[in-house]
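Every read-out reported here was derived from the displayed coordinates using simple, explicitly stated rules and does not represent laboratory data. Computed from a prediction, not measured in an experiment: that's the story for all the values here. Methodologically, a virtual Cβ is constructed for each residue, glycine included, from the backbone with ideal geometry; neighbour enumeration extends over all protein chains shown.
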Amino acid sequence: MRECVVMDLKREERKYHHLEHALREQTGPKPAGWSDVELVHQALIKGNADSIDTTIKLFGKTINFPLIINAMTGGAPGLERINEALARVAKETGIALAVGSQTAAVYNPGVRHTYEVVRKVYPEGLILANVGALVKPEYAKEAVEMIEADALQLHLNVVQELLMVEGDRDFASLYENVVKIKEAVKVPVILKEVGFGISRETAQELYQLGFTVLDLGGAGGTNFAAIELARNPQEHLDYLRCWGLPTAISLLEVNSLDLPFTVIASGGIYNALDIIKALALGAKAAGMAGVLLKIYDRYGEKALLDFLNSMQKEIQYLMLLTGAGKMEDIASIPVVITGYTQNWLTQRGID
Ligand code: FNR
């Protein structure tokens, strides 16, 4: 063990707390913005829904449809069961899977199996490692090797850290550290938020630092301010529940830069329509976390599998309805932006 056991116990306890609170509710109050994004129906369609190809290539591997089961868990005894089930579902549906933050296993090898299980279950799968952006570069490398990851998610979770009594307060080395991590690992590095979104300014700076893959983790789904406030009520900081960029806005902000980013849209993605809207706004794929966990917890693995299988079919239907014959066509289907989101874009000078 590299640090004191007390710290590891706290970390393990936190893993259980996050799951419990994420399952209870803790979404909103800010919507992700998809209701402000309208797709245009095309009545004169051509093609056959069942033969529309929904596969995409991501980090060198082909997945059956553009979805990542996003980072959630691992790192404490018993959590391997959830990761194992998520890996089985990802394998059966042929989609990608990210594990939760692996820092716990770097400090305590006794919980490595809670992450390693995903590679055992899904040896051919597109699997993403996950650590915080402040970890030592050699720990990030260890996380990648632990699960033979195809890419590494580096999470930026400043709001969450500030709300945790035991959270980080010193981010002075963040810029330097993410660059060092990028140099230390051999796989693509994804900069990922956890529910507060990535702005145009942040994306621009990340691009200058050499990062071209972003997971937006926007507001509108799982709300880590609400989760931390439920774990540790701090009424004076209650306004942080409403902090952050809704996912649709984050996506429009990043795309307005016109830089060659690969963008994963996540945060408040609930269904196939949200995914198509995200792709129409320029995302390469979408990520879903909290809602999948809830389905698994309440209705079981089979229900989660059915939900995802249905989603692939629905993507085909929606492609037919919008006249997109191929995945690449989705990026150019007509989109109408309304309401709050349009107002935001106008004030930010984004057309
Ligand atoms: C998360 N998320 C997360 N993200 C991350 O980068 N590392 C992590 O360890 C975790 N842990 C975690 C635990 C639980 C229980 C949940 C529900 C979520 C954040 C997750 O990957 C995602 O960015 C957000 O949840 C937003 O997506 P949804 O939940 O709105 O689809």
**Percent of Cα-Cα distances greater than 32 Å, calculated over the chain** = 26
**Asked** Counting each DSSP H run of 4 or more residues in the chain as -39500 (n - 2.57), what helix-only mean residue ellipticity at 222 nm follows after dividing by all residues, to the nearest 500 deg cm²/dmol?
**Response** -13000 deg cm²/dmol
**Item:** Pairwise label distance in nanometres, residue 57 with residue 317, each label 7 Å out on the Cα-Cβ vector
**Value:** 3.1
**Request:** Please give every one of the aspartates and glutamates within straight-line cross-link reach of residue 186, meaning a C-alpha to C-alpha distance under 15 Å, and leave out same-chain neighbours fewer than 8 residues apart.
**Result:** 138, 142, 145, 148, 150
**Prompt:** Within straight cross-link reach of residue 180, meaning Cα distance under 17 Å, which lysines are found once same-chain residues fewer than 8 apart are removed?
**Reply:** 136, 141, 192
**Message:** Just to check, using Stokes-Einstein with a Kirkwood Rh over alpha carbon pairs, what's the diffusion coefficient of the range 11-155 at 37 °C and 0.692 mPa s in µm²/s?
**Reply:** 194
**Anchor residue 10: aspartates and glutamates whose Cα lies under 20 Å away (excluding residues fewer than 8 positions away in-chain)** = 20, 80, 161, 166, 168, 170, 228
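Could you order the peptides 153-164, 298-309, 258-269 from most to least packed, using the average number of other C-beta atoms within 10 Å per residue?
Top of the packing list down: 258-269, 153-164, 298-309.
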**Item:** Cα-centred dipole magnitude for the chain, charges only on beta-carbon of K, R (+1) and D, E (-1), debye, nearest 20
**Value:** 420
**Asked** Quick one: if you stick a label point 7 Å off each Cα along the C-beta vector at residue 262 and residue 238, how many nm between them?
**Response** 4.3
**Complete:** From the cross-link list 277/313; 91/313; 30/91, the entries with a Cα-Cα span beyond 23 Å are 30/91
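Going down the table (15/57; 284/326; 182/326), which pairs top 23 Å between alpha carbons?
15/57; 182/326
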**Rounded Å value of the spacing that divides the Cα centres of the range 254-330 and the range 167-207** = 24
